[in-house]
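The values are calculated or read from the model by the stated rules, or taken from the named source; none is laboratory data. Note that this is a predicted model, so its numbers are computed, not measured. Positions of Cβ are backbone-derived with ideal geometry, glycine not excepted, and every protein chain shown enters the neighbour counts. All accessible areas refer to the heavy atoms of the entire protein, side chains included, with ligands and DNA or RNA removed. Shrake-Rupley method; radii C 1.70, N 1.55, O 1.52, S 1.80 Å.
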Amino acid sequence: MTAPPAAREATPLPEIDAPQAVPVIIGFIRGQMEQTGFKRIVVGLSGGVDSATVAYLCAKAVGPENLLAVRMPYRSSSPESETDALRVVTALGCATERVEITPMVEPLLEGIGSSDVPESNVRRGNVMARQRMVVLYDRSASFDALVAGTSNKTEMLLGYSTQHGDMACAFAPIGDLYKSQLRAVAAELGVPEEILEKPPSADLWPGQTDEGELGATYDALDRILYALVDRRWTRARCVAAGLDASLVETVARRVARFEYKRQTPPVAKISLRTAGIDHLYPRRRPGSRREV
């Protein structure tokens, strides 16, 4: 689903100055490393544009020698995804590791009763996403590194992500970049064309695409999200500007419904001072991570 010409003119895609954004994000990553005292980063590399962009940004921030890119295919993963992931590793010169998650996921799926029927796709996809994060956090311990997140702003707003799966991370370098903006940043960084041009997909099952699941193109979704979130337009104003009324309603409902995914778990306040509410420290505390 795409917006008509009149709507595209009245409701533009969110713009970004990619050459300016890149050093800002690199500075953010370096700041997170300094605050936490870590020197290294681990990232899950799927072969898609999101994880590739994060890998490029992290390599520039801490150096490729301090980056571990972990490839975690499943039995149904596309061979092209592996090829594209290796393109990134070769271009960056960073360390990489391949961890096949099929023997980890299959027994769990069998145990919880998930099958290969289409209705179970989301459940199976969530298990796969969470298993990959188990691997990444294990490697973060062995590599003494922070886990970099690979979710973009469009996904986060729409709830198109898995709690404790691809949403889990120590910091989120591209979490404030809409998908359309991310492409510009990726191009600025020199992410391979093969990755930039392929249809976005989480590669959770054969033929799966992000836009197929979401029911609209990322550009159409970004126009609506930019209007609703950044420009603070009402739904009525979006429709009056020419955006599809049904899609506006769907997007608005998803943003509201999945707010719980974007917040830390609420705490039932009982005591005078509650951790995370009124007992707060800056992320960095003196001596919070001492050098041995």
- Candidates 13, 45, 68, ranked by Gaussian network fluctuation over the chain, Cα under 10 Å, top entry: 13
- How large is the dipole of the chain about the Cα centre if only Lys and Arg carry +1 and Asp and Glu carry -1, each at its Cβ, rounded to the nearest 20 debye? 1340 debye
- Taking +1 at the Cβ of each Lys and Arg and -1 at the Cβ of each Asp and Glu, which of 49, 90, 28 sits farthest along the dipole of the range 20-95 towards its positive end, judged by Cα position relative to the Cα centre? 28
- Item | Inter-centroid distance (Cα atoms) of the range 1-75 relative to the range 168-232, Å | 11 Å
- Check: the range 89-184 dipole with +1 on Lys, Arg Cβ and -1 on Asp, Glu Cβ, in debye: 300 debye
- Calculated P(r) tail over 19 Å for the range 141-231, as whole % of Cα pairs: 47 percent
- For the range 17-149, size of Cβ-based charge dipole, Lys and Arg +1, Asp and Glu -1, in debye: 260 debye
- Query: Under a 1.4 angstrom probe, counting protein chains only, how are 38, 28, 171 ranked by accessible area, largest first?
  - Reply: 28, 38, 171
- At 0.692 mPa s and 37 °C, Stokes D of the range 162-292 from Kirkwood alpha-carbon radius, µm² per second: 177 µm²/s
- the range 39-125, Rg to Rh (Cα coordinates; Rh as Kirkwood inverse mean 1/r): 1.07
- Item | Signed unit charges on C-beta, dipole axis of the chain, positive-most listed residue 102, 157, 38 | 38
- Item | For the range 45-62, 3J(HN,Hα) per residue [Karplus equation, 6.51 cos²θ - 1.76 cosθ + 1.60, θ = phi - 60°, Hz, x = Gly/Pro] | 10, 8, x, x, 6, 5, 5, 5, 4, 5, 4, 4, 5, 5, 4, 6, 6, 10
- Log entry: pair-distance distribution for the range 1-156, C-alpha pairs binned every 10 Å from zero, whole % per bin is 10, 33, 30, 19, 8, 0
- To the nearest Å², the heavy-atom accessible area per residue of the range 166-292 with 1.4 Å probe amounts to 60 Å²
- Length-normalised contact order for the range 8-163 - Cα pairs under 8 Å, 6+ apart - percent: 25 percent
- Message: Could you work out the relative contact order of the chain? I mean the mean sequence separation of Cα pairs under 8 Å and 6+ apart, divided by the number of residues, in percent.
- Response: 25 percent
- Message: Can you give me the Kirkwood hydrodynamic radius for the range 197-263, using every pair of distinct Cα atoms, in Å to one decimal?
- Response: 13.1 Å
- Message: Using only the Cα atoms of the range 81-218, what are the Rg and Dmax in Å?
- Response: 15.7, 45
- Task: Return a single number: how many Lys pairs in the chain, at a sequence separation of 8 or more or on separate chains, have alpha-carbon atoms below 19 angstrom apart.
- Result: 5
- Query: So how long is each side of the chain along the principal axes, counting just the alpha-carbon atoms, biggest first, in Å?
  - Reply: 61, 50, 44
- When the gyration tensor of the range 21-78 is built from Cα positions, what are the square roots of 5 times its three eigenvalues, in whole Å, from largest to smallest? 24, 13, 8
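How much mean residue ellipticity at 222 nm does the chain get from its helices, if each DSSP H run of length 4 or more adds -39500 (n - 2.57) and you divide by all residues, to the nearest 500 deg cm²/dmol?
After summing the helix terms and dividing by residue count, I get -14500 deg cm²/dmol.
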- Sulfur and carbon atoms: percent of accessible area, the range 34-127 [1.4 Å]: 54 percent
- Hey, can you find the accessible area per residue of the range 6-111 for me, probe 1.4 Å, expressed in square angstrom? 44 Å²
